[in-house]
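So the structure is just underneath, and the comments pick up after that.
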Amino acid sequence: MKHQWLSRGESASLVLVFGGWAVGAAAFEGLAQDGPVLLVHDYTRLDDPIAELAQFDHITLVAFSFGVASAAHWLALTRLHPERCVAIAGTLFPAHANKGIAPDLIRATADTLSDDSFARFCRRAGLRGAVPSVDLVAARAELRAIVRRGPAPDTGFDRIWITQRDRIIPTAAQQDAWASQCHAIRSVPTPHIPFVAGQRWADWIR
């Protein structure tokens, strides 16, 4: 796992963000930073306790895309209990024919990954800014690790956002995966990356 500060501030409350595959901070550009926000990414391994968390009294977890399942695996491993957990455009079944992305498709993405195919992925996902640089070897390894790891335990998400124009994790797959948690679901008419300039983290945490 890798982590980087998206925002620092004098606050005892932290927004801990599990991002999506390979796009890093680029998915969140334009979101207003109200306080400390720590981004986690690269889920090849999930044995990082994240020492920075000891600085904070209150932690809210926001998980996006493949970060949803990765966060749930990590929470089960570390037994951390954030005050609120939010899932956005992801499921507990990252490699699944009906509740995520078909495992064969993920493997094919890894096998054929190139700078050009990654750029196409970013555009399909709805990334509005420049395509970030990608370490192809690391990105392939991360996808293969996600497939091997399999479904995550349900550690409890208080809010679940389903993206209605998703070309990465199909909307129908998200709906199927979260069918038993209708009380927590909200839908947004966006592509896979739903974040736009002017939004605040609080808009997604509510």
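Roughly how many whole Å is it from the C-alpha centroid of the stretch 18-87 to that of the stretch 139-206? Computed from Cα coordinates, the inter-centre distance equals 13 Å. Residues in the chain average 45 Å² of solvent-accessible surface per residue, probe 1.4 Å, ligands and nucleic acids excluded.
Residues whose amide H falls under 5 Å from that of I185, counting only those 5 or more places apart or on a different chain, are I160, with hydrogens built in the peptide plane. Remark: the stretch 192-205, residue by residue, has Karplus-estimated 3J(HN,Hα) of 4, 8, x, 7, 9, 4, x, 6, 10, 4, 4, 5, 9, 7 Hz, where x stands for each Gly or Pro and the curve is 6.51 cos²θ - 1.76 cosθ + 1.60 at θ = phi - 60°. Taking the stretch 52-142, which GluC sites (Glu not before Pro) meet the DSSP loop condition and have no more than 16 other C-beta atoms within 10 Å? Loop-located and lightly packed - E83.
Per-atom-type breakdown for the chain gives carbon and sulfur 50% of the accessible area (1.4 Å probe, protein chains only).
The values are calculated or read from the model by the stated rules, or taken from the named source; none is laboratory data. The model shown is predicted, which means the values in this text are computed figures rather than measured ones. Glycine gets a Cβ as well: all are built from the backbone with ideal geometry, and neighbour counts include every protein chain shown. Keep in mind that these areas ignore ligands, DNA and RNA; they rest on the heavy atoms of the full protein, side chains included. Shrake-Rupley method; radii C 1.70, N 1.55, O 1.52, S 1.80 Å.
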